[in-house]
Structures are given as structure tokens and as C-alpha cells.
Amino acid sequence: MEHTDIFEIGGKRLSSRLFTGTGKYGNDALIAPVCEASGSEVITVALRRVDLDGKTDNVMKHIPSHMTLLPNTSGARNADEAVRIARLARAMGCGDWIKIEVISDNRYLLPDGYETAKATEILAREGFVVLPYMNPDLYVARSLADAGAAAIMPLGAPIGTNRGLRTEEMIRILIEEMELPIIVDAGIGAPSQACRAMEMGAAACLVNTAIATASDPVLMGRAFGRAVTAGREAWLAGPGAVATLAQASSPLTGFLDRTEGAS
């Protein structure tokens, strides 16, 4: 049975539901082969790493041309700074997609929901495709949707920790209650965790640290690509019901009775 499974954000159709990043690689030359191995079509990049004048080793030269750029506002401490970075990214030719990150907490690096919603509203009015990074809170998610977000990006665990889906139940609520795509971002540390997020009904996952810091980033990228696909297919298939008591997969009665009758 063929499934029609269309993934579309901001008018762009995507074949892959794995988003990747550009940070933490020991060698930026790994970015292109990771993109190829993982099948990813969207990649996020911090604007401060973009040097179009070529005075430093510009990360952009390592990003394959077919990738959709998702600049992020890393470093923004409030809505005004996030808006300024987004406008600069557009002016530099990075497109209209923007991942809003507003973080004033330097210890836990948790996103500021109020400032994120403010930035989202301003940028959505200006025609940006806004993907805000947020704590998995239903009320914040609703505010972001009302502000014009194209998708919601809740964290699975604090950014860069590889600790997995520590916020699983809160993400599940967002998946059940929100009509916007839910893209799990931050904290996913293993392909099995990305698969779990997709099995829950997430629309996509963004994975950077777990791939970039692996012993073999290219192989890990391939593993994440396959895990995201497997999780999505499992969700489409509709997992079977969970039972409390053991249930035999084959009948336990009748076989011996029929055998005795035949003799």
C-alpha cells in the first residue's frame, strides 16, 4: 500500500524529515558528505559563522547548493536582536527561512518564550518563514502559532546535551494539540531517540551535536536519516495496541484436539 506523505513548510516540499546543522564539526569539510549520507535537505547555520567576504573559512562553502538554508538567530538575547539578525540574513542572500533562537539564560540555554513570540510576529508579518525554538509548553506554542509561525521547534533536552527526549510527554501534548508541524530540536543524542520522536507523530527532527561529535559523523548522519524514516513509517503504519496481559500470537487450543480426532 502506497502512502502519500507530503511534508511541506513555507510552500516548499521536502522529501527528508531530518534537518541538520553546521556546528561542532572537527572539520567543516564533513558537512557536505553528512548531508549526502543523511538525505537531509534543510540545514541550519548561525549567521555569525557566515563570512561572504571570504576573509575567514566560510562555512557556507561547505553546504551543498541543493540544501535549504535555515539561518538561526543564535546569540540573540531579546526579540529586537533576533529580528535584526533575521533581516541581516535575508539581506545577505540567505533566504526567507529563519529559526528564531532567543536565549538570555547563559547557564541552561533555555529559550525565552515571550521574546520568541514577539520576534515571530514581527518577522512573519515581513514574509519570513519562521521556525521558533521553544520550551515544549502548550501555551507558548499557541502564542507562536497565533504570531504566524510556520512550525514549532520544541527542545527534547537542553541544547547540546545529547540527553534524548527528556521532555517527551510535553512534546506529545504539542503533537496532539497543535495543527502546525512539530519539529523536535535539541538534545537528541541517538538515532533511536529520533525514531521515537517520529513514532510519536513529530513532523521532523533537527539533529546537530549527535552527528557532528560522533566518531564517524558521516555514518551517524546516515543512521539518523534511516531512523527518522523508520519512525515516520511506523507512525503512518499505526502501531498496535499495548496490552497489560500476555496474549498469544497463535491459538493455544484446538490443534491437539484435531490431531487426536484424525487418529
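With (1) more than 16 Å from LEU180 (Cβ to Cβ); (2) part of a loop (DSSP other than H, G, I, E, B); (3) open to solvent by 10 Å² or more (accessible area, probe 1.4 Å); (4) touching a residue at least 24 places away in the same chain (Cβ under 8 Å) as the list, and ALA157 as the residue in question, which single condition is left unmet?
(3)
Identify, from the list ALA145, ALA157, ALA117, the residue that is modelled with pLDDT of 95 or more and either more than 20 Å from GLY75 (Cβ to Cβ) or in contact with a His (Cβ under 6 Å, 6 or more places away or on another chain) (or both).
ALA145
Here is a list: LEU88, LEU69, LEU110, LEU52. Which entry is at pLDDT below 95, open to solvent by 50 Å² or more (accessible area, probe 1.4 Å) and under 20 Å from the mean Cα position of the chain (by Cα)?
Being at pLDDT below 95, open to solvent by 50 Å² or more (accessible area, probe 1.4 Å) and under 20 Å from the mean Cα position of the chain (by Cα) holds for just one of LEU88, LEU69, LEU110, LEU52, which is LEU110.
Answer yes or no: is there a residue in segment 89-107 that is farther than 21 Å from LYS24 by Cα, without any contact (Cβ under 8 Å) to a residue 24 or more places away in the chain and not basic (Lys, Arg).
The answer is yes; a qualifying residue exists.
Does MET178 fit the bill of being buried (at least 17 other Cβ atoms within 10 Å of the Cβ), under 27 Å from LYS24 (Cβ atoms) and not hydroxyl-bearing (Ser, Thr, Tyr)?
No, not satisfied.
Just to be sure I understand the filter: pairs with C-beta atoms under 9 Å, separated by 6 or more residues or on different chains, first member in segment 126-147 and closer than 8 Å to GLY113 by Cβ and without any contact (Cβ under 8 Å) to a residue 40 or more places away in the chain, second member among the basic types (Lys, Arg) and surrounded by 24 or more Cβ atoms within 10 Å (Cβ to Cβ). Which pairs pass?
none
PRO191 is checked against (1) more than 14 Å from the chain's Cα centre (by Cα); (2) crowded, with 20+ Cβ neighbours inside 10 Å; (3) of a type outside the set (Asp, Glu) and fails just one. What number does that condition carry?
(1)
For segment 117-127, indicate whether the set of residues that are in contact with an Asp or Glu (Cβ under 8 Å, 6 or more places away or on another chain), over 25 Å from ILE171 (Cα atoms) and surrounded by fewer than 18 Cβ atoms within 10 Å (Cβ to Cβ) is non-empty.
yes
Any idea which residue in segment 17-40 is surrounded by the fewest Cβ atoms within 10 Å (Cβ to Cβ), counting only those that are in contact with a Cys (Cβ under 8 Å, 6 or more places away or on another chain) and closer than 19 Å to CYS94 by Cα?
My answer is PHE19.
Restricting to segment 160-183, name every residue that is of a type in the set (A, V, I, L, M, F, W, C), closer than 15 Å to VAL207 by Cβ and assigned to a loop (DSSP other than H, G, I, E, B).
LEU165, the sole residue that qualifies.
The values are calculated or read from the model by the stated rules, or taken from the named source; none is laboratory data. Since the model is a prediction, treat every value here as computed from it, not as a measurement. Positions of Cβ are backbone-derived with ideal geometry, glycine not excepted, and every protein chain shown enters the neighbour counts. Protein only, heavy atoms only, side chains kept; ligands, DNA and RNA dropped before computing areas. Shrake-Rupley method; radii C 1.70, N 1.55, O 1.52, S 1.80 Å.
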